[in-house]
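This report concerns only the one structure given below.
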Amino acid sequence: MKTTTMAAPTISAAAATSHTRKPNSDSSSRFPSGMLKKLLLVFFTGFLAWAYQSALAPPPKTVGSPDGLPVTSPRIKLRDGRHLSYKEYGVPKELAKYKIVFVHGFDSVKYYAALIEDLGIYIVSFDRPGYGESDPDPNRTLKSLALDIEELADQLGLGSKFYVFVQDQWTLRVAHYLPWLTYWWNTQKLFPSLTIIAHSPLVLSRQDRELIPKFTAGREAVQGQVRQQGEYESLHRDLNIGFGTWEFDPVEIENPFPNNEGSIHVWNGDEDLLVPVTLQRYVVQQLPWIRYHELKGAGHMFPYADGISDAILKTLLLGTK
């Protein structure tokens, strides 16, 4: 019987390995999970740093320092060391029949004050904190502005009786709910910012557009002073204070003149797109001692219409209608 012997094929270790190892063709292209988490953390941290810097307002430009903005009008020094810039109009206060402290509105300065020459009126207008040449007040509130007015009147010797003429104030949701975002919101380019800051015609009524030439006449020389210390300390802080949380409820104010030794007047145009007439109507319904004057067909700039400023001052000072 013949026996046939067959030899088993010889397989090298390298060949065996190549046949038994699982395919791993994508192992070199897969990103290590630990490295990916670190990169995402670095990216997120960088984004937060960028967002913080974007929301952070730059420091204001100083007024009166050797390398700062020039002082071109008189200033008083206030209780906390700040300076308040002012300008006087009309007859000398010693001879005046009526003395008025004029409080300019949003995005304005002390130079825009109305005046009647023939009533013996003295007017002092001042730059509110952060505007023009008045130092910013990082702790500014509605009450602190009232104290500034009181101190200005005391230092200028206006006496125990004077009138206060306030130009305007208004609203914004970002300033109320997220005041720390106000600077970023009004300087970023991704979303629409406040139209009044951008001088958009969308906030102007028909009458406002007609009054633009009067509103802008003679302003070129001083317009640069309005925001010269930076928009945050002037415009944005105005928004945060005006539409943040107040220290009081305005509809719970008691009549400051119960014996008719003075009076509060409010004028509003019924086509004002900046200060809604419905808001004023509600306030005067809650505070019936306010003397309310609603002007039909008038917008926000109605004081610049012919004869309106004179009529307002005569009503305020002489009691005429």
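Please treat every number below as a calculation from the coordinates, not as lab data. All values reported here derive from a predicted model rather than from experimental measurement. As a convention, Cβ positions derive from the backbone with ideal geometry for all residues, glycine included, and neighbour counts pool all protein chains shown.
The amide H of VAL103, built 1.01 Å from its N in the peptide plane, has PHE165, VAL166, GLN167 as neighbours under 5 Å, considering only residues 5 or more places off or on other chains. With the simple spin-label model, which puts each label point 7 Å out from Cα in the Cβ direction, the THR245 to ARG79 separation comes to 2.3 nm. Once backbone amide H atoms are built at 1.01 Å from N, GLY269 has LEU295 as its partners under 5 Å, excluding neighbours fewer than 5 places away on the same chain. Sorted ascending by nearby beta carbons within 10 Å, beginning with the fewest, SER65, SER125 become SER65, SER125. Sorting ARG219, ARG237 from the fewest to the most surrounding beta carbons within 10 angstrom yields ARG219, ARG237. For the stretch 251-290, the fraction of C-alpha pairs more than 13 angstrom apart is 55%.
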